[in-house]
Amino acid sequence: MGLFLAVLTFIVTLFIGVPVGVSLGLMGLVGVAFMGTVPLEVVAQRIFTGLDSFPLMCIPFFILAGDLMNSGKITERLIKFADMLVGRMRGALAHANIIASMFFGGITGSAAADVSALGSMLIPAMEEDGYSPDFSAAVTASSSLQGPIIPPSILAVIYGATMGQSIGALFAAGIPLGILFGLSDMAVVIYLAKKKNFPKKILRLTTKERLSIVGQAIVALVMPLIILGGILSGVFTPTEAAGVAVGYAFFISLYVLKTVKYRDLPKIILNAAYSTGTVFLLLAAANLFSWVLSTYQVPRMITNGILSISENPVIIILLIDLILLLVGTVMDPGAAIIMLAPALAPLAMQAGLHPIQFGMLMITTLALGLITPPVGLCLFISADIAKISMERVAKAVFPFFIIHLLVIGLISFSPDIVLFSPKIFGYL
């Protein structure tokens, strides 16, 4: 009865529009209240322990570093650089959109930030260049998925802290997978460019102009190199790397680019604090939620339920993929990782998945929910920028969704694709 009422509380509060973090907390509270023998003080304890983790300290620093760089107007610089790289290809602006997302993801680690910042510039530009609003919004939403995969990935930090896995190993695994997601998007664009005869630009840039574009972009791209180089070489922990990234972003934005003034800092810091509070509320409430589910032995129920269907490792992995995809369509990926990772990890290990492989599978599959109805946060943002209905964007994003599913299939059944990079850097 307690479990039923807790789940009912969660569903009802979500349905009436209560924020996910609050809904998770209320569900946990109801679940603890109906245990009978467990004091309510456990609620506060579990909420506190959900945030009492040193690796999680890097999240506010990564968010602040990304906000500082984004406020420094780096978006236009990255777009120009990406356009210079792929400007001669048919459908060049769509390709530039994808490449820019790859670079931008290495700075912010957020899909929502990616689609908001790049979309506000690229969607109108693509429409002026002859692309349909549907396609412009779809390619922007799909390419934004590189943000949560390419380091510094906040989802990788959450999974690593939740499951006790190396964040450095997850970052190392995220580099080739993020690039693979970007290349898969570009493959769709190449196919559609031939089919629909997308526009092709003729770039005439002098050597001086090219060097200027590269120089402006490098200032922004050095930050992810500092983060990854420091972590993968063992010089920094992820938290220390995040602190260094904030210092670099502060120096570059105020003293080199001079696009941020001291009077802008309170607003930037307040915005980063708001974003951090949103993430940490989810983390704290999800930890309570996860503990309640474990106490009611829900993970064992899930395991027994899946094993009752089949003990074939392939079927088990496919069912795990399906669960993650369905949950990702309606729930924040960070909260879903904390809730589901402890429940599904033993089953995934039994099916032969490595913990790092399973972590990247969770991150990529849950991120795919960001472009999947009914919620589809990135679909919603891109549709709002393009001023069209979400249904039109969902239809246009379908080819990208399918090819991303194929990539997730590779992650599920080809461990070398995920693990070769962590092995190179000595994590495995």
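The values are calculated or read from the model by the stated rules, or taken from the named source; none is laboratory data. Quick caveat: nothing in here was measured; it's all calculated off a predicted structure. Quick reminder, even Gly has a Cβ in these numbers, built from the backbone with ideal geometry, and neighbours come from all protein chains shown. Remember, those area values only see protein heavy atoms, side chains included, never the ligands or the DNA or RNA. Shrake-Rupley method; radii C 1.70, N 1.55, O 1.52, S 1.80 Å.
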Out of A44, A249, A96, a Gaussian network model of the chain with alpha-carbon springs under 10 Å gives the largest mean-square fluctuation to A44
To the nearest 10 degrees, the tilt of helix 133-143 (Cα long axis) against the first principal axis of the alpha carbons of the chain is 60 degrees
By accessible area (1.4 Å), largest first, D321, D332 order as D332, D321
Relative to the chain, whose Cα atoms define the longest principal axis, helix 167-196 and its Cα axis are tilted in degrees, nearest 10, by 60 degrees
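Over region 54-148, give the accessible area per residue in Å² for a 1.4 Å probe, as an integer. Write down the numbers at each step before the final one.
Values: 2590 Å² over 95 residues.
With all protein chains present, region 54-148 gives 27 Å² per residue.
Run lengths n ≥ 4 of DSSP H only: what is the helix-derived mean residue ellipticity at 222 nm for the chain, with -39500 (n - 2.57) per run over all residues, to the nearest 500?
Values: 21 runs with 323 residues, N = 428.
Result for the chain: -25000 deg cm²/dmol, rounded to the nearest 500.
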Placing each pseudo-label 7 Å from Cα in the direction of the beta carbon, L8 and A44 end up separated by a distance in nanometres of 2.9 nm
Extension length gain for I309 and T295 (0.36 nm per residue less Cα distance), in nm, is 2.6 nm
Compactness check, region 1-147: C-alpha Rg relative to the 2.2 N^0.38 Å globular estimate gives 1.48
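Among E209, E311, what's the order by accessible area (1.4 angstrom probe), most exposed first?
On the way: E209 85, E311 145 Å².
Accessible-area ranking of E209, E311, largest first: E311, E209.
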Computed over the chain: longest principal axis from alpha-carbon atoms vs helix 298-309 long axis, angle to nearest 10 degrees, is 80 degrees
Contact order relative to length for region 66-119, counting C-alpha pairs under 8 Å separated by 6 or more residues, stands in percent at 37 percent
Probe 1.4 Å, all chains present, heavy atoms only: Y191 accessible area in Å², nearest 10, is 140 Å²
Quick calc: nm separation of the 7 Å Cα→Cβ label points for A125 and I269 -> 3.3 nm
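If I take R0 = 25 Å and measure r between the Cβ atoms of T207 and Y255 in this structure, what FRET efficiency does the formula 1/(1 + (r/R0)^6) give, to the nearest 0.05? Display every interim value, and only then the final one.
On the way: r = 28 Å, r/R0 = 1.13.
After rounding, the FRET efficiency stands at 0.35.
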Computed over region 196-314, protein heavy atoms only, probe 1.4 angstrom, the accessible area per residue in square angstrom equals 56 Å²
Each label sits 7 Å from Cα toward the beta-carbon; between L406 and T278 the label points are separated, in nm, by 3.4 nm
Region 347-421 accessible area per residue, 1.4 Å probe, protein heavy atoms, integer Å², reads 39 Å²
For the chain, the percent of accessible surface on carbon and sulfur atoms (probe 1.4 angstrom, ligands and nucleic acids excluded) is 68 percent
If one builds a Gaussian network model of the chain from Cα atoms under 10 Å apart, the most fluctuating residue listed among L85, L270, L183 is L270
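Assuming 0.890 mPa s and 25 °C, estimate D for region 33-73 with Stokes-Einstein, Rh taken as the Kirkwood radius over Cα pairs, in µm²/s.
Working: Rh = 13.0 Å.
Rounded to a whole number, D works out at 188 µm²/s.
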Heavy-atom accessible area with a 1.4 angstrom probe orders S142, S414, most exposed first, as S414, S142
Under a 1.4 Å probe, counting only protein heavy atoms, V38 has an accessible area in Å², nearest 10, of 40 Å²
